[in-house]
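Remarks on the structure that follows.
Derivation of every value follows stated rules applied to the coordinates shown; laboratory data play no part. Not measured: the values here are computed from a predicted model. For neighbour counting, all protein chains shown are included, and Cβ atoms are generated from backbone atoms with ideal geometry for every residue, glycine included.
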Amino acid sequence: MKRYDTIVIGGGHNGLIAAAYLARGGRKTLVLERRPVLGGAAVTEEVFPGFKYSVFSYVVSLLRPEIIRDLELPRHGLQILPLESTVTPLENGDYLAAWADPDETRRELCRHSPHDADAAVLFGRLMHHMAMAVKPILGMVPPDPASLAPSDLRSLLRLGGHFRSLGATRFHALHKLMTMSSADYLDEWFDFDPLKATKSASGIIGTFLGPRSPGSAYVLLHHYMGEIDGAFRAWGFQKGGTGAISDSIANAARSFGADVRTGVGVERVLVRDGRATGVALSTGEEIAASVVVSGLDPRRTFMQLVEPKELPGGLVEGVGRYKFRGSSGKVNLALDGLPSFTCMPGEGPHLRGAVSISPSLEYLERAYDDAKYGEFSRQPYMDIVIPSMIDPGMAPPGKHVMSIFVQYAPYHLNGGWTDSKREAFGDTVVKTLARHAPNIESLILHRQVLTPADIERITGLSEGNIFQGELALHQLFFMRPVPRWAKYRTPIRGYWQCGAGTHPGGGIMGGSGRLAALEILKEGGR
Amino acid sequence: MLKTSPFHPRTAPLVRAQTWRRWSGYQMASAYDPHPDREYAAIRNAAALIDVSPLYKYRITGPDAARLLDRMVTRDVTRCRVGQVFYTPWCDAAGKVIDDGTISRLDEGTFRLTSAESSLRWLRMNAVGMHVAIEDVSESTGAVSLQGPLARLVLQQVSPADFGALKYFRLVQTTLREIPVTISRTGYTGDLGYEIWVDAPRAVDLWDALIEAGKPFGIAPAGVWALDIARIEAGLVMLDVDYHSAHRAMIEEQKSSPYEINLGWTVSADKGPFNGRRALAAERARGPAWAFVGLEVEWDSLERLFTAHHLPPHLSSIAWRTSAPIFRGGLQVGYASSGCWSPLLKKSLALAHLRAPHFVAGTWVTIEITVEHQRLQADAIVRKLPFFDPERKRA
């Protein structure tokens, strides 16, 4: 039987990052990926000849800078291209744009609300401070507030000191951000409804919340984090699609000596006397290792890869209560040419940025209403990008790929997802887009529609939740995925978790993979 | 695209070296000539015409207009008579400066406020519950500054107003070659000068009239580079260069009180309630921790640093805006925020923030200067501002 120090199950970005850190720390490390491509939800695939789709995750900003430095990712292929603008088509035929240049953005905002143009400066500063306040948390192993262990107490004290140092005003603002809905929070600052809608959209992405649901303001902050300190201080496209990020991490891992195998599914983790001893593959092969790390989501980590009976009841119950409920879908299009938006006809710089279908708060909330009652949104929120505009390698010359993130598409659809429901969902997305870009239908060469059920089937993400479980306050930090088990450990010795279902989770951030690997290395032993 | 000023059709063809810059979202000329020397000389020797349209401008009307402004700014606006102009900063509740600008009382219930940054939201927040209308006239009003010892003579050729009677910081509503204008005896150069306010559609006509009338008097369009040297000589503080708005500062250390930027004289000790009154009274009582002063770099010490490299001292014709540390007795006691070579005074000048007690006039300090990639120090002496204050400014 082959033998490794460490086996990482799942070649998603967190698994690969954990493997790279472990190999860098001197561990003989193997990564096993079930699919033929690496990356999990950060994959590039040529689904239609000549056209490369970032099939699931499509933009990056949150990737932790320390990971980029530690793993020397630019040397291994990381190259982020700018995604500079956001345009929101409005119901009245006008648009709202945010450009890369602050003067241009200010002038555009003034067109709609001079008040909001002034407020945006102060709001931006506040969010910067809020992100600064939360940032240290992203880089720390969550302490258990119910524990009296010296390391937990030290960590909690440090955290307490950090929050005290914010000063009263910022602490109060942070409290609001943690408890309010994004709509209410934005109401405190802005008048112009489409602006609030577009800003609030980042508060609902990947969660089963509407802009008026309490708690959504925090998700807003989670996305702001990328702006102060993510990969390149803003959202961007990876050259070659998000799969190329995964490849760059895999290259880094290999450069440290890790083995990476694709097309190899893990059936279960081998456990003897409460200790992980290796993995059994779906082929029946067994590979021994003293440490096994699961990059899969908590449900698969605890309910599938190991026998739940070997786990304490509290943990099994906790995982059972952990909320996935995927709420978003994805439509990828191969286009014969560029769409022309009614509000900004023809080609232009706006096509290099995002187009946000979020004309009003009511639009978003109604989209949520449909999902609440088990239907996909008849008029969904959509975040649209055309990566081939800035990365010509994504499509043949003159042709384009369009990525459409769609919300809401509930995993638990009334009657369940079927092929015809999937196509109806795809039709709804194209129809909604055609209201703003009438020529879109005539340009479509190929259409890939992914419902939460498809996301689950292809990537293995339970219930199709793109964050390995909702980024809601009740399952963050020391609550992620389950209280007492938020430090990447499991009750089985030598069995660890490193997916986005652990702190800090969500987005192509990599914090979970890194922190898990550092904990494993700290633990010592092979 | 950046915005263009109402004078752009006339100024754009003059920008020979394409030396454009940004100013509040506008595309403006840094200089018309490749170097600002001639444009600066016009400010001090003849008459310079400077487009200042990017200033934010607000028209504030209504029975509570004076009350709103009085509550917002540090000066006592109730004392501002019709036809008078007040220069003033305004503060947040902690007494930290948000912006500075001028308040012109056009008639009993009508004021015009200028500011460097957008102030609409702040005005509205201060106006809650008041009978007042606030109109942003930034884009509908063109503004051009005519500065220099011959400025009055130029205006007398084209306007019927009595410029002999128009005192410093007073304004007159008049015509200029039949174009309705407001002319205020104000400016950002510390010289004799006027600012002319016009409806944007008539801006080009106004420009043409002034250029034509000014020709015999050596009028020259001047850009921001020339203006910057003049305002440093005049010791006038500039937002985002010498201080940062309390609304935009990222940390407390980046904020300044009026006392700390040489605007203590604008803080009324006896007016009614206004933003920052309590904090400013406390600061007045304990004495400010910082002062904004002039520095004259001592020539011999400057020259020595260059001579060591067999070079003559480098004297730029453009002002600098980078922060330079100031030391005394080996300890850093402050920083200079802008400076220039004064072609008029033949001195290297800097505007500096110094901690107490090092800001007393006559104190010797050193300023960091980079010569051939080495950070060195030259001697400098603290001076009261302004460096240059000609009688003609007020006469």
The long-range amide H neighbours of residue B:243, using H built 1.01 Å from N in the peptide plane and a cut-off of under 5 Å, are B:238
Set A:309/A:522; A:2/A:522; A:52/A:239; B:57/B:215; B:3/B:255, cut-off 20 Å on Cα-Cα distance; pairs above it are A:309/A:522; A:2/A:522; B:57/B:215; B:3/B:255
Relative contact order as a percentage, chain B, C-alpha pairs under 8 Å and 6+ apart, gives 18 percent
FRET efficiency (residue B:78, residue A:2; Cβ distance; R0 60 Å; to 0.05) is 0.10
As a percent rounded to 5, the proportion of antiparallel DSSP bridges among beta bridges in chain A is 70 percent
Asserting the computed 222 nm helical MRE of the protein assembly as shown (DSSP H runs at least 4 long, -39500 (n - 2.57) per run, divided by residue count, to nearest 500) equals -8500 deg cm²/dmol
Computed over segment A:132-215, the relative contact order (Cα-Cα under 8 Å, seq sep at least six) in percent reads 24 percent
Expressed as a whole number, the average count of other chain Cβ atoms within 10 Å around the Cβ atoms of A:114-121 is 4
In whole percents, the bins of 20 Å from zero upward hold the Cα-Cα pairs of the protein assembly as shown as 13, 36, 32, 17, 2, 0
The long-range amide H neighbours of residue B:193, using H built 1.01 Å from N in the peptide plane and a cut-off of under 5 Å, are B:148
With +1 at each Lys and Arg Cβ and -1 at each Asp and Glu Cβ, the charge dipole magnitude of segment B:56-137 around its Cα centre, to the nearest 20 debye, comes out at 100 debye
Checked segment B:57-136 with the C-alpha gyration tensor, a ≥ b ≥ c its square-rooted eigenvalues, rounded below a/c of 1.5, otherwise prolate if a/b is larger than b/c and oblate if not; verdict rounded
Rounded to two decimals, the Debye log10 I(q)/I(0) of chain A (Cα scatterers, no solvent) at q = 0.12 Å⁻¹ is -1.12
Cα extents of segment B:280-333 per principal axis, largest first, Å, are 52, 28, 16
Taking segment A:470-519, the equivalent ellipsoid from its C-alpha gyration tensor has semi-axes in Å, biggest first, of 17, 14, 7
If N is the residue count of segment A:26-169, its Cα Rg over 2.2 N^0.38 Å rounds to 1.51
Taking Cα pairs closer than 8 Å and at least 6 residues apart, the relative contact order of chain A in percent is 24 percent
Long-range share for segment A:1-76, i.e. C-alpha pairs more than 16 Å apart as a percent of all pairs, stands at 59 percent
With a ≥ b ≥ c from the Cα gyration tensor eigenvalues, square-rooted, and the rule rounded for a/c under 1.5, otherwise prolate when a/b > b/c and oblate otherwise, chain B is oblate
Here segment A:460-474 yields Karplus 3J(HN,Hα) values (6.51, -1.76, 1.60; θ = phi - 60°; whole Hz; Gly and Pro given as x) of x, 5, 4, 6, x, 6, 5, 9, 6, x, 4, 8, 10, 4, 6
Given a Förster distance of 56 Å, the FRET efficiency implied by the Cβ-Cβ spacing of residue B:316 and residue A:179, rounded to the nearest 0.05, works out to 0.55
Quick note, segment A:266-393: a/c under 1.5 would make it rounded; otherwise a/b > b/c is prolate and the rest oblate (a ≥ b ≥ c, C-alpha gyration tensor); here it is oblate
Excluding residues fewer than 8 positions from residue A:135 in its own chain, the aspartates and glutamates with Cα under 16 Å of it are A:66, A:227, A:229
Computed from the beta carbon distance with a Förster radius of 51 Å, FRET efficiency for residue A:148 and residue A:72 to the nearest 0.05 stands at 0.80
Rounded to one decimal in nm, the spacing of the 7 Å Cα→Cβ label points at residue B:309 and residue B:131 is 6.7 nm
Checked against the positive end of the charge dipole of the protein assembly as shown (+1 on Cβ of Lys and Arg, -1 on Cβ of Asp and Glu, about the Cα centre), the farthest of B:235, A:25, A:382 is A:25
For residue B:167, counting only lysines whose alpha-carbon sits under 20 Å away and dropping same-chain residues fewer than eight positions off, the answer is B:393
Descending packing, highest mean Cβ count within 10 Å first, for A:7-17, A:500-510, A:369-379, B:201-211 is A:7-17, A:500-510, B:201-211, A:369-379
When chain B is treated as a Gaussian network with springs between alpha carbons less than 10 Å apart, the largest mean-square fluctuation among B:238, B:130, B:28 is found at B:130
Residue-ordered couplings for segment A:350-359, obtained by feeding phi - 60° into the Karplus form 6.51 cos²θ - 1.76 cosθ + 1.60 and rounding to whole Hz (Gly and Pro as x), are 4, 6, 7, x, 8, 10, 10, 8, 8, x
Segment B:271-395: Kirkwood hydrodynamic radius (Cα pairs, Å) comes out at 16.1 Å
Interchain or sequence-distant (5+) residues whose placed amide H lies within less than 5 Å of the amide H of residue A:90 are A:95, A:96
Of B:45, B:126, B:262, the most mobile residue in a GNM of chain B (C-alpha springs, cutoff 10 Å) is B:126
Expressed in angstrom and rounded, the centroid-to-centroid distance over alpha carbons for segment B:11-83 and segment B:154-190 is 15 Å
Packing-ranked peptide list from B:87-97, B:380-390, highest mean Cβ count within 10 angstrom first, is B:87-97, B:380-390
Note, segment A:380-393: 3J(HN,Hα) by Karplus (6.51, -1.76, 1.60, θ = phi - 60°), whole Hz, Gly/Pro = x, goes x, 6, 9, 10, 10, 9, 10, x, 5, 5, 10, 10, x, x
